[in-house]
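These notes are about the structure you will find just below.
The values are calculated or read from the model by the stated rules, or taken from the named source; none is laboratory data. On a predicted model such as this, the values are computed, not experimentally measured, just so you know. Note: ideal-geometry Cβ built from the backbone for every residue, glycine included; neighbour counts use all protein chains shown.
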């Protein structure tokens with residue numbers, strides 16, 4: 001069930017006491033991507049940049065498919081070199097996340113940076129010519145298959161589950177066997193070493209710190225029934241929460 005929201009559109013301001021938050025159109029990661037500029041005390045203080053500026057990177061431009069990837073990469077170049085050009089070097093930048101995400105194009109870990117630091121060190125700021133920028137932006141690793149569904153889930157909202165996920169059903173071995181025969185996937189959340197000592201034949205070894213959401217989202221089709229095995233009750237609940245957050249809610253037990 002989606003939430004009722006009033007969007008802050010580019011060029012419009014939201015006043016919060018002495019602070020003003022302004023939406024800026026910063027396409028690249030998506031066609032309608034927005035960043036938010038915080039103005040306080042007579043000057044621009046912070047940029048909540050989403051994926052427009054990350055730490056040593058930008059968010060990738062190919063998640064909408066190859067037919068838009070080049071266009072969005074050109075938009076990302078314009079965002080860095082034109083749309084953000086007037087902002088001062090000392091402005092603090094808070095991106096959506098640091099490096100390591102499949103949404104990003106490399107980068108480094110951390111929670112904030114400054115625009116000046118990125119202008120001096122970020123390879124996407126330093127690459128100002130079109131063809132080299134396209135080559136850099138479009139040379140990306142693959143991303144998990146569940147990303148294809150995430151935009152719709154994010155817009156509409158995932159199914160509500162309350163304060164805690166539903167209790168996992170305990171299944172007998174013969175039940176699991178029948179479910180596997182019918183197409184269910186068994187996900188073992190123990191470490192690889194524990195998995196090697198003995199496991200359900202045909203199961204997936206995805207350690208709880210994998211993270212589970214990334215590997216299951218990459219290897220198993222959304223909507224396929226899942227059975228979680230191995231690990232403690234706490235680890236199984238942790239795996240369940242990770243999977244629910246990416247729309248994998250067909251967990252049989």
Going through 176, 186, 206, 229 one at a time, which residue ends up being touching a strand residue (DSSP E or B) at 6+ places or on another chain (Cβ under 9 Å), touching a residue at least 12 places away in the same chain (Cβ under 8 Å), surrounded by 16 or more Cβ atoms within 10 Å (Cβ to Cβ) and under 22 Å from residue 103 (Cα atoms)? 206
Go through 80, 68 for me and flag whichever is within 22 Å of the chain's Cα centre (by Cα), surrounded by 14 or more Cβ atoms within 10 Å (Cβ to Cβ), part of a helix (DSSP H, G or I) and at pLDDT 95 or above. 80
Determine the pairs where a residue that is in a helix (DSSP H, G or I), located within the range 119-134, has a partner that is surrounded by fewer than 14 Cβ atoms within 10 Å (Cβ to Cβ) with Cβ atoms under 7 Å apart, the partner being 6 or more residues away or on another chain. 119/89
So which helices (runs of 4 or more DSSP H) are wholly in the range 180-253 and hold at least 3 residues that are under 18 Å from residue 164 (Cβ atoms) and in contact with a helix residue (DSSP H, G or I) (Cβ under 9 Å, 6 or more places away or on another chain)? 233-245
Only one of 73, 59, 69 is in contact with a strand residue (DSSP E or B) (Cβ under 9 Å, 6 or more places away or on another chain) and on the phi < 0 side of the Ramachandran plot. Can you tell me which? 59
